[in-house]
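Worksheet for the structure shown next.
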Amino acid sequence: MWITEQIGIDSVLRTSRSLGVWTPLERYPTTALGASEMNLLELANAYRTMASGIVAEPYVIRAIVRDSGEIVADVRRGPVPSLY
């Protein structure tokens, strides 16, 4: 809260954008504490960006396929039972 008061909420909101948060955030000082809602993917991506220093577009793994072409898992069908 102290830092938000020192640098201003606009600075906090600009920083959130640079971390990949595109959900409109409220202009309240408590936004710096997490009082504004955002989706989980944006939140996880922002933490990843802070940890690694790399801004990247997140992606979703939809299927896991072996070299043989066998589908190990597919989000549309769920896990494929193993024969092993």
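Over the chain, what is the mean sequence separation of C-alpha contacts under 8 Å (at least six apart), divided by residue count, expressed as relative contact order in percent? Averaging sequence separation for qualifying contacts and normalising by length gives 19 percent for the chain.
The long axis of helix 9-18 is offset from the longest Cα principal axis of the chain by roughly 20 degrees.
Only the Cβ atoms of Lys and Arg (+1) and of Asp and Glu (-1) were treated as charged; on that basis the dipole of segment 2-52 about its Cα centre amounts to roughly 160 debye.
Grab the DSSP H runs of the chain that are 4 residues or longer, score each as -39,500 (n - 2.57), total them, divide by all residues and round the 222 nm result to the nearest 500 deg cm²/dmol. One gets -10000 deg cm²/dmol as the mean residue ellipticity at 222 nm.
Relative to the current alpha-carbon distance between GLU42 and TRP2, full extension at 0.36 nm per residue lengthens the span by 11.9 nm. If you take the square roots of the eigenvalues of the alpha-carbon gyration tensor of segment 2-52 and sort them as a ≥ b ≥ c, do you get rounded (a/c under 1.5), prolate (a/b over b/c) or oblate? Because a/c hits 1.5 or more and a/b exceeds b/c, segment 2-52 counts as prolate. Put in line by how crowded their Cβ is, counting other Cβ atoms within 10 Å and starting with the fewest, VAL60, VAL55 read VAL60, VAL55. The long axis of helix 40-52 is offset from the longest Cα principal axis of the chain by roughly 80 degrees.
The numbers here are math on the coordinates, done by the rules we state, and not lab data. Note that the coordinates shown come from a computational prediction; the quantities given were computed from them, not determined experimentally. FYI the Cβ positions are ideal-geometry reconstructions off the backbone, even for glycines, and counts take in every protein chain you see.
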